[in-house]
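Here's the structure we're looking at; comments come further down.
The values are calculated or read from the model by the stated rules, or taken from the named source; none is laboratory data. If you're wondering where the values come from, they're calculated on a predicted model, not measured in any experiment. FYI the Cβ positions are ideal-geometry reconstructions off the backbone, even for glycines, and counts take in every protein chain you see.
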Amino acid sequence: MLVNDDSISPEEKIKQLVEFEEGKRRELEEKRKEIEKKRKELEDLEKRGAQEIEEVRKEIEKRIKRAYKKARLKAEDETGIDKKHFPKSCPFSPDQILEKAFFPEEEI
């Protein structure tokens, strides 16, 4: 702590200034380290989030594939049309399937 006292020697005043500056430097270094740590934590969270999103996307695609295979067989049974006349893979994207207002156009 700096003391504003005319009775201290110039050497003591310089010592106080040096100590003050060193304290500020340490505080700034600690803050810099804290910021770097938080940035790393955010990067890790972002990576985990991206991995989780990819895992969910793959699971959705796998479920759509299974459901479409069953739907294709059911359509064959219900319509009497051979399943070879239906697309082999689902012609709809996961976004289209999950969109409540989506209804396929006639060009399918």
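Quick notes on this structure:
- Pair list, Cβ < 6 Å and 6+ apart or interchain, from segment 76-103 residues that are over 16 Å from K62 (Cβ atoms) and touching a residue at least 12 places away in the same chain (Cβ under 8 Å) to residues that are among the basic types (K, R) and part of a helix (DSSP H, G or I): F86/R72
- Residue-level analysis places R63 among those that are at pLDDT 95 or above, surrounded by 11 or more Cβ atoms within 10 Å (Cβ to Cβ) and among the basic types (K, R).
For (1) more than 35 Å from the chain's Cα centre (by Cα); (2) small (G, A, S); (3) on the phi < 0 side of the Ramachandran plot, each residue gets a yes or a no:
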residue	(1), (2), (3)
E59	no, no, yes
I64	no, no, yes
A71	no, yes, yes
I81	yes, no, yes
H85	yes, no, yes
P94	no, no, yes
L98	no, no, yes
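- Residues of segment 80-108 classified as part of a helix (DSSP H, G or I) and either modelled with pLDDT of 95 or more or surrounded by 12 or more Cβ atoms within 10 Å (Cβ to Cβ) (or both), total: 4
- Residue within segment 50-57 that is out of contact with any Phe, Trp or Tyr (no Cβ under 7 Å at 6 or more places or on another chain) and either in contact (Cβ under 8 Å) with a residue 24 or more places away in the chain or closer than 22 Å to P104 by Cβ (or both) present: yes
- Taking the criterion of being hydrophobic (A, V, I, L, M, F, W, C) and farther than 30 Å from P91 by Cα, the residues of segment 25-67 that qualify are L28, I35, L42, L45.
- Within segment 6-34, no residue that is in contact (Cβ under 8 Å) with a residue 60 or more places away in the chain sits with its Cβ atom under 8 Å from a residue that is assigned to a loop (DSSP other than H, G, I, E, B) at 6+ positions apart or across chains.
- Taking the listed residues Q16, Q96, the one that is polar (S, T, N, Q) and in contact with a Leu (Cβ under 9 Å, 6 or more places away or on another chain) is Q16, with no other qualifying.
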